[in-house]
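Peer 1: Following this message is one structure expressed as structure tokens.
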Amino acid sequence: MKQIRIAQIGTSTYSHGNEIFTTLKENPDLFEIVGYALPEGERERFPWQMQAFAGYREMTVEEILSDPSIEAVTIETEEIYLTKYARMAAASGKHIHMEKPGGTCLSDFEELISLVKQAGTVFHVGYMYRYNPAIRDILCRVKAGEIGDVISVEAHMSGWRNEQQTAFLSAFPGGMMFFLGCHLIDLVLQLQGMPKKIFPFNKASGVYDLPSKDFSMALLEYEHGVSFVKTTQAERGGFLRRQLVVTGTKGRFEVRPLEINVSYPMQRTEYTVCKSEDWNAEAEKISPAPYHRYRDMIRAFAAMVNGEQENPYTYDYELALYKTLLRCCE
């Protein structure tokens, strides 16, 4: 695989910018890192995040985008700025890996999709569960009809955050639904397609007496059943209760928790499958090997840039996912 000249634009304090840059560094056979840029005052606002970039050239965004030798960029700013810098990169003809889910403006995201379509460049979004081996196995088995027709997906992604982190959610429509619920909506759409109706419920829990919507839920109605996504950061021990349950007419898959930390970023995900009609049927437990949370994601991006792999998540799918997310955010 050809080495790709790449640069990173941005990092943040609550998402995966540093982990992505570190993963680029760990794959020198795939990437030649030209440098990085820290827009929006990130160096001053997140000084504790700077160690990951030590030894690499700091550039301006303009230097990165005007350099024709730089083929690809990773866009890792805070969520509210993602679409802004991805649009700039798309207009410069760069291949893009962007943190999920994009900025908060639909028309800007629509323009971004239009730009990458016109350029025919790779647009790869950092939904980490797309590369979780257990989730991928379940998706394949469901699509192969192993548990019949899907009638319900139940997806949880919760945790506990402090007051400062809860206040951060006020920047997003729907709060937690936008910030983390996007992962869950992506899974539901892959399993069931577009819903007929959406019923959003996004509330402030009142844990810190803040208006931030830190307790979010949405019901997605389908022809044969109802699915839901739920995400909150007001749940102590919520990380280990993150789960996915896929119920079909012939069986059920269950993942709980979605991830078990082995030695970050190494994770393990176990799941069960039950196909018996017995009332007290026991499920079969499946335990895939531990995996690196970001390595397969970044290696897949490299393969797409080099034309060795087609992105299974099309431009139109990413736009449909984003629109569905905004509906779930009210």
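Each reported figure results from applying straightforward, stated rules to the coordinates on display, with no laboratory input. None of the values given here were measured: they were computed from a predicted structure. Every residue, glycine among them, receives a Cβ derived from its backbone with ideal geometry; neighbour counts consider all protein chains shown.
Peer 1: May I ask you to compute the full-extension gain from LYS285 to ALA119, defined as 0.36 nm times their residue separation minus their alpha-carbon distance, rounded to one decimal in nm?
Peer 2: Length difference between fully extended and current span is 55.2 nm.
Peer 1: Do any of LYS213/LYS285; LYS196/LYS230; LYS197/LYS285; LYS196/LYS250; LYS94/LYS197 go past 27 Å between their Cα atoms, and which?
Peer 2: LYS213/LYS285; LYS197/LYS285; LYS94/LYS197
Peer 1: How far, in degrees from 0 to 90, does helix 82-91 lean away from the longest principal axis of the Cα atoms of the chain, to the nearest 10?
Peer 2: Its long axis makes an angle of about 60 degrees.
Peer 1: Taking 25 °C and 0.890 mPa s as the conditions, I'd like the Stokes-Einstein D for the chain in µm²/s, using the Kirkwood hydrodynamic radius from alpha carbon pairs.
Peer 2: 119
Peer 1: Projecting each Cα onto the charge dipole of the chain (Lys/Arg +1, Asp/Glu -1 at the beta carbon, about the Cα centre), which of LEU220, LEU30, THR83 comes out farthest on the positive side?
Peer 2: LEU220
Peer 1: Could you tell me which of rounded, prolate or oblate describes the range 129-292, using a ≥ b ≥ c as the square roots of the eigenvalues of the alpha-carbon gyration tensor, with rounded for a/c under 1.5 and, failing that, prolate when a/b is larger than b/c and oblate otherwise?
Peer 2: Oblate, because a/c is 1.5 or more while a/b does not exceed b/c.
Peer 1: Counting Lys and Arg as +1 and Asp and Glu as -1, what is the net charge of the other residues whose Cβ lies under 13 Å from the Cβ of CYS105?
Peer 2: Net local charge, CYS105 excluded: -1.
Peer 1: Taking all pairs of different Cα atoms in the range 1-133, averaging 1/r and flipping that mean, what Kirkwood radius in angstroms comes out?
Peer 2: Value: 14.8 Å, from the Cα pair sum.
Peer 1: Can I ask one more? Can you list which of the chymotrypsin sites (Phe, Trp or Tyr not before Pro) found in the range 197-286 are DSSP loop residues with at most 11 other C-beta atoms within 10 Å?
Peer 2: In loop regions of the range 197-286 (DSSP not H, G, I, E or B), the sparsely surrounded chymotrypsin sites (Phe, Trp or Tyr not before Pro) are TRP279.
Peer 1: Determine the sum of side-chain charges near ASP29: Lys and Arg each +1, Asp and Glu each -1, restricted to other residues whose C-beta is under 14 angstrom from that of ASP29.
Peer 2: +2
Peer 1: Select from the range 202-260 those trypsin sites (Lys or Arg not before Pro) which occupy a DSSP coil region and have at most 12 other Cβ atoms within 10 Å, ordered by residue number.
Peer 2: ARG236, LYS250
Peer 1: Students often check this: by mean Cβ neighbours within 10 Å, which of 54-60, 76-82 ranks highest, and how do the rest follow?
Peer 2: 76-82, 54-60
Peer 1: Fully extended, how many nm does the chain gain between GLN51 and GLU163 (0.36 nm per residue separation, minus their Cα-Cα distance)?
Peer 2: Here the answer is 37.8 nm.
Peer 1: So for the pair THR60, GLU111, with labels modelled 7 Å out along Cα→Cβ, what separation do we get in nm?
Peer 2: 2.1
Peer 1: A follow-up question, please. Looking at the P(r) of the range 248-304, how many percent of alpha-carbon pairs lie beyond 20 Å?
Peer 2: Here the long-distance tail beyond 20 Å is 44 percent of all Cα pairs in the range 248-304.
Peer 1: Quick one: net charge around GLY159, please, counting Lys, Arg +1 and Asp, Glu -1 for every other residue with C-beta under 13 Å from its C-beta.
Peer 2: The answer is +2.
Peer 1: Share of antiparallel DSSP beta bridges in the chain, in percent to the nearest 5?
Peer 2: Looking only at bridges with both residues in the chain, the antiparallel portion is about 65 percent.
Peer 1: Based on alpha-carbon positions alone, could you give the equivalent ellipsoid semi-axes of the range 149-211 from the gyration tensor, as √(5λ), descending, whole Å?
Peer 2: Over the Cα atoms of the range 149-211, the semi-axes work out to 27, 12, 10 Å.
Peer 1: How are the Cα pair distances of the range 1-61 distributed, in percent, across 10 Å bins from 0?
Peer 2: 23, 57, 19, 2
Peer 1: Let me ask something additional. Using only C-alpha atoms and all pairs of different ones, pull out the Kirkwood radius for the range 96-206 in Å with one decimal.
Peer 2: When all Cα pairs of the range 96-206 are included, the Kirkwood radius is 16.5 Å.
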